[in-house]
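A quick write-up on the structure given underneath.
The values are calculated or read from the model by the stated rules, or taken from the named source; none is laboratory data. Quick caveat, the model's predicted, so the values are computed rather than measured. Here the Cβ positions follow ideal geometry from the backbone for every residue, glycine too, while neighbour counts run over all protein chains shown. All accessible areas refer to the heavy atoms of the entire protein, side chains included, with ligands and DNA or RNA removed. Shrake-Rupley method; radii C 1.70, N 1.55, O 1.52, S 1.80 Å.
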Amino acid sequence: QVQLVESGGGLVQPGGSLRLSCAASRSVFSFNVMRWYRQAPGKQRELVASITSSGSTIYVDSVKGRFTVSRDNAKNTVYLQMNSLKPEDTAVYYCNAWTAPMDYWGQGTQVAVSS
């Protein structure tokens, strides 16, 4: 069983920055893909960003140019650097680790963007 623990969420003003961390109980390099999802109140969970074991990244259009996903294999940690935050970024952010058929989720960390 793999444990994923997210941290770094909080309340920030529009235009501010946060860095989310996802600490895994085993090497993140062992997973084909590490992903960040988010779920806003009353909305479906959506994929925000992902990074493969080879380092390839993808982003949802709404965060391109503002968010950056990265991975530190030595620390078994994946990060999501979020800049220029907007109120519409408010959500619970979840970390996901996937290598078929294994699919693991963290408990989530709350991000609130408000003045």
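Would you work out what percent of the accessible area of the chain, with all protein chains in place, is carbon or sulfur (probe 1.4 Å)?
Heavy-atom surface of the chain belonging to carbon and sulfur, 1.4 Å probe: 48 percent.
Output wanted: per-residue J couplings in Hz (rounded whole) for the stretch 11-27, from phi through Karplus 6.51 cos²θ - 1.76 cosθ + 1.60, θ = phi - 60°, x for Gly and Pro.
Each residue's phi maps through the Karplus curve to give 9, 9, 7, x, x, x, 10, 9, 10, 8, 10, 10, 8, 9, 7, 8, 4 Hz.
Normalised by the residues of the stretch 2-115, what does the relative contact order come to in percent, with Cα pairs under 8 Å and at least six apart?
After rounding, I find 37 percent.
To the nearest 20 debye, what charge dipole does the chain have about its Cα centre, counting +1 at the Cβ of each Lys and Arg and -1 at the Cβ of each Asp and Glu?
I would put it at about 100 debye.
Tell me which residues come under 5 Å, amide H to amide H, from LEU4 once H is placed; ignore anything under 5 positions away on its chain.
none
Could you work out the pair-distance distribution P(r) of the chain from its alpha-carbon pairs, with 5 angstrom bin width and percents rounded to whole numbers?
Bin by bin from 0 Å, the calculated values are 2, 13, 25, 26, 19, 10, 4, 1, 0.
With an 8 Å cut-off on Cα pairs and a minimum separation of 6 or more residues, tell me the relative contact order of the stretch 7-49 in percent.
24
Show me, for the stretch 61-77, the HN-Hα J-couplings you get by feeding each phi into the Karplus relation (A = 6.51, B = -1.76, C = 1.60, θ = phi - 60°), rounded to Hz, glycine and proline as x.
Values, residue by residue: 4, 5, 10, 4, x, 10, 10, 9, 9, 8, 9, 10, 5, 5, 9, 6, 9 Hz.
Check ASN32: other-chain or 5+ apart residues with amide H under 5 Å from its amide H, H built from backbone geometry?
TRP98, THR99
How much length would be gained if the chain were fully extended between SER114 and THR57, taking 0.36 nm per residue of separation minus their Cα-Cα distance, in nm to one decimal?
17.7 nm
Hey, if you put +1 on the Cβ of every Lys and Arg and -1 on every Asp and Glu Cβ in the stretch 21-64, which of THR57, MET34, ALA24 ends up farthest toward the positive end of that dipole?
ALA24
Work out how much length GLN107 to GLU46 would gain on full extension: take 0.36 nm times their residue separation and subtract the Cα-Cα distance, in nm to one decimal.
Length difference between fully extended and current span is 20.4 nm.
For the pair ASN83 and THR99, how long in nm is the line joining their label points, each one 7 Å along Cα→Cβ?
Distance between the two pseudo-spin positions: 3.2 nm.
Using a 1.4 Å probe, what is the accessible area per residue for the chain, in Å²?
On a per-residue basis, the chain sits at 52 Å².
Which residues does the label zone of ALA74 cover in the stretch 25-40, counting backbone N under 18 Å from a point 7 Å along Cα→Cβ?
26-30
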